[in-house]
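Everything on this sheet refers to the single structure shown next.
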Amino acid sequence: TASALKDIISHAKEYGFVFPSSEIYDGLQAVYDYGQNGVELKNNLKMVWWKAMTMLNDNVVGIDASIFMHPLTWKASGHVDSFNDPMIDNKDSKKRYRADTLLEDRAAQYEAEGKADVGKALLQKMAKALDAGDLEAVRQIIIDENITCPISNTANWTEVRQFNLMFSTQVGAVSEDASLIYLRPETAQGIFVNFLNVQKTGRMKVPFGIAQIGKAFRNEIVARNFIFRMREFEQMEMQFFVRPGTEMEWYAAWKEVRMKFHQAIGLPASKLKFHDHEKLAHYANAAVDIEYEFPFGFKEMEGIHSRTDFDLKAHQDLSRKKQQYFDPEINENYIPYVVETSVGADRLFLAILCNAYTEEIVGEGDQQKQRIYLNLHPAIAPIKVAVLPLVKKDGLAEKAQEINRSLKFAFNTTYDEGGAIGKRYTRQDLIGTPYCVVIDYQTMEDDTVTVRDRNTMSQERISIADLKEKLGYAVSM
Ligand code: ATP
């Protein structure tokens, strides 16, 4: 299956979906660029999510907050204080420790045994590894020292993770006046700080939700698996504000809604599952992931979290601005509880691409050959329809261009007149175009065209007059 991911990475690059960032300089680790087909697919995924949230729910509206936020935001959210240490988990007890504390304790033990120099050497080794950002080396020291977890008494450790995930930069022209700000590590806080703005100006009544799509940044230490874990990525988050005590009902409801969404855009139920969190984050009273079976195993694609009133309360404390809602139905003021759904646009993109990538053998006997195509749901395919004249001459090209012009305001089309028709089909298969419209000599006589289906490769002759409506129907959700 490792090779399956390799195939997908090279396909993504070769056909204009995803390129390594700054490739001419040999790339930048864990950063990627979307190409001409990738951006269309990603935009379609974002559009479908946006519509599913805001159009299909009367009580969910959208916002677009800035990447830069007041630094106190990240104090309130807990990111400043709790995302700063190298952490290691014991797999048996599920207890989390600071890796450096474990080693400091061991050094102290050596000192108590009269082996202070051994302890000192140990701390130096650790400092060197930490300075170099070599967390695997930190873990190796812990293992070499046979440090066991006081609860489980085992040395079954996970990798060490550095939780200093936030990127920082300065604002202000003069360096002395400059103040440190962060690139947001999640989009959620832009929603929390706008909760009352939206509630009041939109006269929203709890329960209601705010949706947002935007970039987030994390200085991920372990970057691997292509666009699965990036340092710059995009999140699609929705915070749903509810009356305290009703959060578990909403949590259960959103879990189901979100699972259905992934199936609706083409991911098979057999490759999706819920995974309850063993450990809850400091802000959550319930949390589950929707996992997709990537070529490297079942991994988190979306998180659904019951965040209680943690965030709004923290913002109220730090900003000294009340974050309360007056509920006219029960005549009470309260800080709403929040159920959030948070999915990475890039991880969803990767899941969709992995699922769509299809290799099959077509033809009979010595005519057999391999065909690769992307089995994308037509609604998210980068290009919906390719318009192809069978040959350029005898007015077929002009006729095809005319048809292309009549379709291209309705959905994304492409026009291609170069080369053998089979080669042109293949080009469209490789980028997942669901339909090819072919203009042939019969078209010139009776105003019909053939429509070729990407998956079945079968062709149907239909009248030009019906084309827009039939294709429009076929490429919608
Ligand atoms: P992980 O455990 O994989 O680091 P997380 O639990 O930290 O993810 P959340 O903070 O819950 O992730 O973020 C919500 C969603 O944002 C994730 O489900 C994922 O789809 C996406 N996401 C998070 N980090 C990244 C990243 N570095 N690159 C791409 N997508 C990401």
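Take the residues in region 322-351 that are within 14 Å of the ligand (Cβ to nearest atom) and open to solvent by 10 Å² or more (accessible area, probe 1.4 Å); name whichever of them is farthest from Ile191 (Cα to Cα).
Selected residue: Arg347.
Mind checking which pairs have a first residue in region 292-304 that is on the phi > 0 side of the Ramachandran plot and a second that is modelled with pLDDT under 95 and assigned to a strand (DSSP E or B), Cβ under 8 Å, 6 or more apart or different chains?
none
Out of Gln140, Gln189, I need the residue that is open to solvent by 70 Å² or more (accessible area, probe 1.4 Å) and in a helix (DSSP H, G or I). Which one?
So the residue among Gln140, Gln189 that is open to solvent by 70 Å² or more (accessible area, probe 1.4 Å) and in a helix (DSSP H, G or I) is Gln140.
So in region 418-447, with the set limited to residues that are assigned to a helix (DSSP H, G or I) and acidic (Asp, Glu), which one is nearest to Leu353 (Cα to Cα)?
That would be Asp429.
Tell me the strands (runs of 3 or more DSSP E) entirely within region 23-89 that contain at least 3 residues that are under 21 Å from Ser342 (Cα atoms). Outline the logic, then answer.
Working: elements: 32-34, 60-62, 86-89.
In region 23-89, 60-62 are the strands (runs of 3 or more DSSP E) which contain 3 or more residues that are under 21 Å from Ser342 (Cα atoms).
Filter region 143-154 down to the residues that are open to solvent by 40 Å² or more (accessible area, probe 1.4 Å) and hydrophobic (A, V, I, L, M, F, W, C) and list them by number.
Ile143, Ile151
What residue, among those in region 1-12 that are over 14 Å from Phe228 (Cα atoms) and touching a helix residue (DSSP H, G or I) at 6+ places or on another chain (Cβ under 9 Å), is modelled with the lowest pLDDT?
Ala4
Counting only residues that are more than 20 Å from Ile335 (Cβ to Cβ) and over 11 Å from the mean Cα position of the chain (by Cα), which one in region 233-255 is nearest to the ligand (Cβ to nearest atom)?
Lys255
Quick check on my filter: what residues within region 256-279 are part of a loop (DSSP other than H, G, I, E, B) and within 14 Å of the ligand (Cβ to nearest atom)?
From region 256-279, those part of a loop (DSSP other than H, G, I, E, B) are 265-268, 277-279; that's our starting set.
Listed by number, the residues that qualify are Leu267, His277, Glu278, Lys279.
Take the residues of region 22-66 that are of a type in the set (S, T, N, Q), open to solvent by less than 40 Å² (accessible area, probe 1.4 Å) and under 17 Å from Arg347 (Cα atoms): which is farthest from the ligand (Cβ to nearest atom)?
Asn37
Would you be able to tell me the number of residues in region 273-297 that are of a type in the set (A, V, I, L, M, F, W, C), open to solvent by 30 Å² or more (accessible area, probe 1.4 Å) and modelled with pLDDT under 95? I'd like the intermediate steps shown before the answer.
Within region 273-297, the first condition is being of a type in the set (A, V, I, L, M, F, W, C), and the residues that meet it are 274, 280-281, 284, 286-288, 290, 294, 296.
So of that shortlist, the ones also open to solvent by 30 Å² or more (accessible area, probe 1.4 Å) come out as 274, 280-281, 296.
Among the residues that remain, those that are also modelled with pLDDT under 95 are: 280-281, 296.
Final tally of qualifying residues: 3.
Taking interchain pairs and intrachain pairs at least six residues apart, which have beta carbon atoms under 7 angstrom, with the first residue in region 224-242 and open to solvent by 40 Å² or more (accessible area, probe 1.4 Å) and the second near the ligand (Cβ under 7 Å from one of its atoms) and not in a strand (DSSP E or B)?
Partner pairs satisfying both residue conditions: Arg229/Glu220; Arg231/Arg218; Arg231/Glu220.
Quick one: is Ser179 away from the ligand (no atom under 16 Å from the Cβ), among the polar types (S, T, N, Q) and closer than 30 Å to Tyr34 by Cα?
no
The values are calculated or read from the model by the stated rules, or taken from the named source; none is laboratory data. A quick note: this is a predicted structure, and the numbers were derived from the prediction, not measured. Because the Cβ atoms are built from the backbone with ideal geometry, glycine has one as well, and the counts that use them run over all protein chains shown. These area figures cover heavy atoms from the full protein model, side chains too; ligands, DNA and RNA do not enter into them. Shrake-Rupley method; radii C 1.70, N 1.55, O 1.52, S 1.80 Å.
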